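First comes the structure, then the notes that go with it.
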Amino acid sequence: MSEAVQDNTKVVNDPSHYTDGQIEVIDFITDKNLDFCLGNTVKYIARAGKKDPDKYVEDLFKAAWYLNFKLYMIAMKENVDKAKTVFNQFNAEIDTLKKHIAKLGRKL
């Protein structure tokens, strides 16, 4: 295998933001048999700011979005109107929080 291919394989399979800690996040997600939304919630929390420290808060917002969407999907099975209301309220709260953060001069 050429050196260029080996370097590319490492970037794809073992980037530093994937491999810090005792286990890789994907191993935890697989072991716990988490679905797409919960897996992404865990992934964004575990890796928050590790790929790009300036995106720590943005990564946490992404985690919150996936968790909220999971709750929305659960609520949809029970009560469509209530689910839509909860989902919209959450998104409005996130928008308000983003505005407060922007006033502090921080990037998301």
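A few points about this structure:
- Three-way shape call for segment 53-97 based on the alpha-carbon gyration tensor, with the a/c threshold at 1.5: oblate
- With θ taken as phi - 60° and the Karplus curve 6.51 cos²θ - 1.76 cosθ + 1.60 applied, the whole-hertz 3J(HN,Hα) list for segment 59-66 is 4, 5, 4, 4, 4, 4, 4, 5 Hz, x standing for glycine and proline.
- Extended-chain gain in nm, criterion 0.36 nm per residue less alpha-carbon gap, Val57 and Asn79: 4.8 nm
- Chain lengthening between Lys32 and Val86 when straightened (0.36 nm per residue, less Cα-Cα): 16.8 nm
- Candidate lysines for bridging to Lys77, where Cα separation is under 29 Å - those fewer than 8 sequence places away on the same chain excluded: Lys32, Lys43, Lys62
- Fewest-first ranking of Leu34, Leu104, using other Cβ atoms within 10 Å as the exposure measure: Leu104, Leu34
- The gain in end-to-end length when the Ile101 to Leu71 segment is fully stretched comes to 8.3 nm, 0.36 nm per residue minus the alpha carbon separation.
FYI, it's all coordinate maths here, none of it is from the lab. Here the structure is a predicted model, which is why all the values come from computation and not from measurement. Heads up, the Cβs are rebuilt from the backbone with ideal geometry, glycines too, and the neighbour counts pull from every protein chain shown.
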